[in-house]
Structure formats: structure tokens, C-alpha cells
1. Counting Lys and Arg as +1 and Asp and Glu as -1, each charge on the Cβ, what is the dipole of the range 1-140 about the Cα centre in debye, to the nearest 20?
2. Quick one: which residues, 5 or more positions from Val326 or on another chain, have an amide H under 5 Å from its amide H? H modelled 1.01 Å from N in the peptide plane, none for Pro or chain starts.
3. Find how many whole Å separate the alpha carbon centroid of the range 41-115 from the alpha carbon centroid of the range 144-170.
4. How do 77-85, 196-204 rank on mean C-beta neighbours within 10 Å, highest first?
5. Dipole of the range 214-357, Cα-centred, from +1 at each Lys and Arg C-beta and -1 at each Asp and Glu C-beta, to the nearest 20 debye?
6. At a 10 Å Cβ-Cβ cut-off, how would you order Ile298, Ile188, Ile150, fewest neighbours first?
7. For the range 204-299, which trypsin sites (Lys or Arg not before Pro) pass both filters: DSSP loop (anything but H, G, I, E, B) and at most 13 other C-beta atoms within 10 Å?
8. In whole Hz, with x marking every Gly and Pro, tabulate ³J(HN,Hα) for the range 205-219 from phi via Karplus 6.51 cos²θ - 1.76 cosθ + 1.60, θ = phi - 60°.
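Read the figures in this text as sums done on the coordinates, not as results from a lab. A quick note: this is a predicted structure, and the numbers were derived from the prediction, not measured. Virtual Cβ from ideal backbone geometry, glycine too; neighbours counted across all protein chains shown.
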Amino acid sequence: MSFVSHLECSRTGARTAHDAFHTISDAGAPLLVRYDLEAIKTALTKETLAGRAPDMWRYLELLPLASRDDIVSLGEQMTPLVPLSRMSRELGAGEILVKDEGRLPTGSFKSRGIAVAVSMARAFGVKHIAMPTAGNAGAALAAYCARAGIESTVFCPDDAPETTIREIAYHGARTYRVNGLINHCGQIVASGTAETGWLDLSTLKEPYRIEGKKTMGLELAEQLDWELPDVIFYPTGGGTGLIGMWKAFEELGAMGWIDGKRPRMVAVQSTRCGPLVKAFDAGHEEVMEPWEPADTLIHGVRVPKPFGDRLCLATMRVSGGFGSMVDDDGVIAARAMIAREEGVHLSIEGAACFVAYRQELEGGRVRPSDRAVLFNCASGLKAELPPVQTCIDRNKPVDFTKFA
Ligand SMILES: Cc1ncc(COP(=O)(O)O)c(C=O)c1O
């Protein structure tokens, strides 16, 4: 039995019954899943939760699935909080914790949202799902659809990371490179829906991916013993994580599981694609025009105009957060530096969060006493690494003086 009470239009508040796989609201806005939180409070205690398996399904009451039997899983274990202790010392900063989402199946946090959405789709009898992707979401969709026996079709920008494009195809999705950006891929998916009958699983065009992403916030709260950090840096493209985590904190607050303290939510974007930061700084409630040219190498944030722009901007604002644009070259240098000095292999998006943190610490929007959580949303191994040119000829004497 699920604790879902209804679906709600994020713009008008209008209610929709939770009786089929709904996509967007009648007003054309994202739908949000609402729960009977009072009933959950009675059904679930922190003590019961503590005894459950360390995976994202431990929060089942706060997820839309009607039964455990509906779960499509590849083993979504809880992800660790890894301190960047040396960086903290060198910067004279407070605690910097990396939430390492690269440990999840398919190597990224996309597993969380896609696992819930595909589970719901299968429960509602969906046979075919399509999606535009910067890479990681498509890889997760292909894998979870393979698991669920659902057909998948994925469209990605032709310059998306090669590893993820191949990963998508390898899991059996029909995979297409599109000579454009993610919004162009999204237009193809939307325009094919009537003819193909596929389900459009684009970011926020259905209500369930956000519920899966919400588990990042639930998990973070539980790992920090129900005291939220001061600030969260999140690499923001479509914004599901930002919105999902905030939703988690609101639900935990309404259940009385956390106090009134909330983290400032910082949307990290690039100087080469920063539509949310620009809109936030201009005091707008939505992104007024698509960012151009969106040529950042931080692929996860290369979304010129997110569909959930209003929800992202509202989250940044009500949390007392802000947006931070980072320079791509600085991100690439920081990623290499952290790999060498901390042993932590961040994705480019994760490194972007570190650079944003560092610049905001210098600029004073983050205090040295703040406990900060940076989201590393994917495994560093997804991105290309510099080649190694040093060789040894085993038939010649080795000059060990250079190792001394
Ligand atoms: C590694 C990585 N980080 C961040 C993002 C952005 O995530 P969201 O759509 O939740 O803003 C993506 C999305 O593609 C991603 O793959």
C-alpha cells in the first residue's frame, strides 16, 4: 500500500488522482507527488528505519510504489560522505563532505530517479520509454529498462561523453546521436509521443524521477543524524536533485523528523551555460531565454533552459541559497588536483561543485564555519582521462635513479 494522497500541479496546486502514469499537469507544469505524511509518521519510526537494509528502498513509505514487489533494482546502496580533509585544512575552511553518488549502479545518481520512474512505469504497464539525455540519465534508463523488460529509446547530443553514449547502446537502448543540444533531443522525444506511444521520461515531464532523487536528501539527513548541513552545492542541469532534496527536507520537517534548520541550496552552473544563475541574479522567477551558446564541457549542467526552472529558482530563493557559475578550465584543473591530493576521483560536475565552494568561500557567501556538502553525481571514470606516455622497455636496463 502506498501513502500517496494525490499528484499536485507545481504551479497552480490543482490536484490529480494517482491512478495512472501521469506526465505533466493540465497547466503544463511539473506534477509533484503528495503523501499522507501523518500516516507515514505513525507507520514509520527512525528506529525501524535504522534496522533496514542500507539502500534507497529503506524510505519506501516516502516513495510512490504501492508494493516492494514493484521495485526494479540494480542494487542502489547508500552512498558515502567522503571528507575532503586536506582541502579543508588548506583553505582554512570548515567541513567539506563529498556525497559520492558515483558508487551507484550505472555510475551516477541518475539511478535513483530512474529506478523509481521505471518501477512505476512497469507497475502501470508502460511498454516503451524515450528520453533526451546528457548521457548519464540515458545510461540509467537503458539499464533499468533492460532489467524491467521495457523497450527504451534514447537521444543524446552528438558531443555527449563517448563512454556514456556507448553505455546506453550497450544496455540495449535504441541510441541516437543528435546534432544539437539536450533541448533539441527533448523536442524529438515530445514530437514522437503521439505516433510511437512511448512514455516521455524527460526531466520533470513526469512526477516520479524526482521522488527517486529525493532519496539523496533523505539519506543525507539520516547520515548526518537528522541535522542538515549549512550549505549544499549541487551541479544543476535540469534541477531534479535540487528540487527533490528540498522536497525531502520539507517532508521530513512536516513529519517532525528534523528541526527548522535548512541548508542553503546552491545551484552550480558554468560560465558557458548558467541560465539559472543568471535568472536568479536578475531576480527572475523563470529563465527568460535559453542560454546561448551552451558549450560548457560540464555536460551535466548543459541545459540551456530547464523545464523545472521555476521550481529550481524557488528552491534557491526560499533556502537562502544562490547560484554560482564556474570556469570550465578551473574545474578541469581542480578535478586533477583533488584526484592527486585527496585520492578522490570526482566527475567534472563534482569538481565544479568544489570550484564553486572555493570561490564562494573566498567571496564570503560561504563561511569557514559552514558544514558543506558537495554532490559528486557521477563516477570520475565516466569522463576521459589524460593519456599516459611513460613506458619501460623490459629488454633494456631500467634506470632506477629516476625513482629515488
Ligand atoms: C554527473 C551529473 N551531474 C549533474 C547533472 C545535473 O542533474 P540535474 O538534472 O538533477 O540538475 C547531471 C545530469 O545529466 C549529471 O549527469
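1. Values: 16 positive and 15 negative charges, 48 e Å.
Dipole size: approximately 220 debye.
2. So Val326 has HN proximity to Gln269, Ser270, Thr271.
3. 24 Å
4. Values: 77-85: 16.4, 196-204: 20.8.
Top of the packing list down: 196-204, 77-85.
5. Dipole size: approximately 180 debye.
6. Values: Ile298 25, Ile188 15, Ile150 20.
Sorted ascending by nearby Cβ count, the order is Ile188, Ile150, Ile298.
7. Lys261
8. Per residue, the Karplus-derived 3J(HN,Hα) values read 8, 8, x, 9, 4, 4, 5, x, 5, 4, 5, 4, x, 4, 5 Hz.
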